[in-house]
Amino acid sequence: MPTSELASLLEHSDTAGRSVIRDAAVSAGLMWKCRNPACGQHNLRAEGLCGNCGWDRQGRPLSDDQPGLYVAPDELWEQLREEIAEHLRREALEPLPDAVTFPWVSGSDTSPWSLTELVLHRGGTTMIHQTALGGTEIEETLDEIALAVEPSYLEALRIMLPR
C-alpha cells in the first residue's frame with residue numbers, strides 16, 4: 001500500500017482505529033515501531049531511524065555507522081569526526097548536530113560519498129545540508145576511509161559529532 005493511502009487511513013480513523021491500522025501496518029512490514037522505551041513511535045518502512053527520537057530499527061540510539069567490509073583505523077575515524085565538526089563550526093552551524101550522514105553517490109573506489117549534500121541529525125529530526133567539501137581535508141580523509149573499508153553499493157557513512 002502506498003504511503004499516501006496508509007496516511008489517509010490513519011488520518012481518517014479514530015484513536016482505536018489508528019492503533020489497529022498501525023499494528024496491521026507493522027505486521028505487513030509497511031511500518032516499524034521504535035524500540036526506545038521512552039518513545040514507541042511508528043515509522044514508515046523506508047525510514048532507517050525513528051523520526052521522534054533518532055533510534056534505529058534494532059532499538060539502538062543514534063551511533064556511528066561505518067560501512068564496508070573492513071573497519072577503518074580509529075585515527076582516521078577520529079580525524080574525520082574532528083574535521084567535520086570544525087567545518088560545521090566555520091559554517092556557523094551551532095549547536096552542532098548529533099551526527100552527520102554522508103549519502104552514497106558513486107561506485108568508485110574513492111569518494112563514494114556526497115561532498116555537497118549531507119544529512120544532519122538532531123534527535124529524531126534530519127535535514128539536508130548543502131556544503132562544499134571538495135578539495136578539503138575531509139575529502140582526503142573520506143578517500144582514505146573508502147580505501148580502508150571498501151564500502152559496498154549504496155552504503156552511507158554516518159559519524160557522531162563530539163559534544
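No value in this document is a laboratory result; all are computed from the given coordinates. Since this is a predicted model, take the numbers as computed values, not measurements. Virtual Cβ from ideal backbone geometry, glycine too; neighbours counted across all protein chains shown.
Things worth noting here:
- The 3J(HN,Hα) values that the Karplus relation (6.51, -1.76, 1.60; θ = phi - 60°) gives for region 4-9 are, in residue order, 5, 5, 5, 4, 5, 4 Hz. Gly and Pro appear as x.
- Separation of region 81-145 and region 46-77, taken as the distance between their Cα centroids, equals 15 angstrom.
- Degrees between helix 74-90 axis and first principal axis of the chain (Cα, 0 to 90, nearest 10): 80 degrees
- Both radii come from the Cα set of region 88-163: Rg as radius of gyration, Rh as Kirkwood radius; their ratio Rg/Rh reads 0.96.
- Formal net charge of residues neighbouring Val26 (Cβ-Cβ distance under 14 Å; K, R +1; D, E -1): +4
- Summing +1 for each Lys or Arg and -1 for each Asp or Glu among the other residues whose beta-carbon sits under 9 angstrom from that of Gly68 gives -2.
- Among 49-60, 83-94, 111-122, the order from most to least packed when residues are scored by Cβ within 10 Å on average: 111-122, 49-60, 83-94
- Our helix-only sum for the chain, with -39,500 (n - 2.57) per DSSP H run of n ≥ 4 divided by its residues, gives a mean residue ellipticity at 222 nm of -10000 deg cm²/dmol.
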